[in-house]
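One structure is given here, and the rest of the page talks about it.
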Amino acid sequence: MNLQQLIKRFRRDAMDIAAGELCTDADITDWLNEAEREAAIRGRLLLEDMNTSLCTLKVLAGQSSYRLHPKVYEIAHQAFFPDVGQGPCSLELVTREKLDRVQHRWRELPAADPRWMIQTDTAVRLVPVPSQDGELRIEAYRLPMKDMCSPTDKPEIHEAHHVKLVLWALFKAFSAPDGDLFDGSRGKDSYAAFEAYFGPRPDADLRRSTRADEVQTTVVQTF
């Protein structure tokens, strides 16, 4: 479905046509873009392993921390490829707390090929500090690369999920206390249906600590 079709579906489900189109196209578009971002996070729908601007970071000897692409929110796989010597070097993704337990003086380790990686909200830290240049290559879950703007734009997530994005837009429309479509009960029902389909929203710590080797299940429904 494209943006125009999604807006039309929203107006039908919200009975906004008979009401004289109380919601603007701009508001509905914002809600649908927000819905796709929510769906991508909740369902872990967009796994990136090809785009080098997201998946490849240049590593410099003596530098431990590196900024992630702003669209990346959870790393699924990581490895360090040194410029010299055998590679790649496998990296264990850990928290600071775990590293404090298993290698309590990790901050003071001499420079070497890194063995661990810590992910924060916007960056990663390699431990030990790299002793040589190389590349950090990751596979990562990400947000959509751009918002829908024109009527023919389509969500980046799989087409099977598109119609369910309308549930979030309905939730936003029905939940605005000063909105013309305010209906607390329908707002809660729309949110519950969206969450039942895409799953609950994980907190930031859970996203960073979830590992790629855990069993993942993607449910695709067609309508």
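The values are calculated or read from the model by the stated rules, or taken from the named source; none is laboratory data. Since this is a predicted model, take the numbers as computed values, not measurements. So basically every Cβ, Gly included, is an ideal-geometry build from the backbone, and we count neighbours across all protein chains shown. Surface areas here come from the heavy atoms of the whole protein model, side chains and all, with no ligands, DNA or RNA. Shrake-Rupley method; radii C 1.70, N 1.55, O 1.52, S 1.80 Å.
Computed quantities for the displayed model
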{"read-out": "Relative contact order (percent, whole number), the chain, Cα cutoff 8 Å, 6+ residue spacing", "value": "29 percent"}
{"read-out": "Sequence-distant lysines (8 or more away, or on other chains) whose Cα lies within less than 21 Å of Lys164", "value": "Lys8, Lys146, Lys154, Lys172, Lys188"}
{"read-out": "Sulfur and carbon atoms: percent of accessible area, the chain [1.4 Å]", "value": "50 percent"}
{"read-out": "The chain - mean residue ellipticity at 222 nm from DSSP helices (-39,500 (n - 2.57) per run, n ≥ 4, rounded to 500)", "value": "-10000 deg cm²/dmol"}
{"read-out": "Cβ-derived FRET efficiency at R0 25 Å, Met145 paired with Gln86, nearest 0.05", "value": "0.15"}
{"read-out": "Gln5-Leu47 FRET efficiency (beta carbon distance; Förster radius 22 Å; 0.05 resolution)", "value": "0.25"}
{"read-out": "Test item: Cα-centred dipole of segment 61-104, Lys/Arg +1 and Asp/Glu -1 on Cβ, debye", "value": "120 debye"}
{"read-out": "Computed accessible area, His161, all protein chains, 1.4 angstrom probe, square angstrom", "value": "10 Å²"}
{"read-out": "Average accessible area per residue (Å²) across the chain - probe 1.4 Å, nucleic acids and ligands excluded", "value": "55 Å²"}
{"read-out": "Within segment 1-56: Cβ-based charge dipole about Cα centre, in debye rounded to nearest 20 (Lys, Arg +1; Asp, Glu -1)", "value": "220 debye"}
{"read-out": "Contour minus Cα-Cα distance for Leu60 and Ala192 (0.36 nm per residue)", "value": "42.8 nm"}
{"read-out": "Solvent exposure, largest accessible area first (probe 1.4 Å, DNA, RNA and ligands not counted), of Glu74, Glu195", "value": "Glu195, Glu74"}
{"read-out": "Förster-model FRET efficiency, 22 Å R0, Glu108 and Gln132, C-beta, rounded to 0.05", "value": "0.70"}
{"read-out": "For a label point 7 Å along the Cα-to-beta-carbon line of Asp180, residues of segment 29-53 with backbone N under 16 Å", "value": "29"}
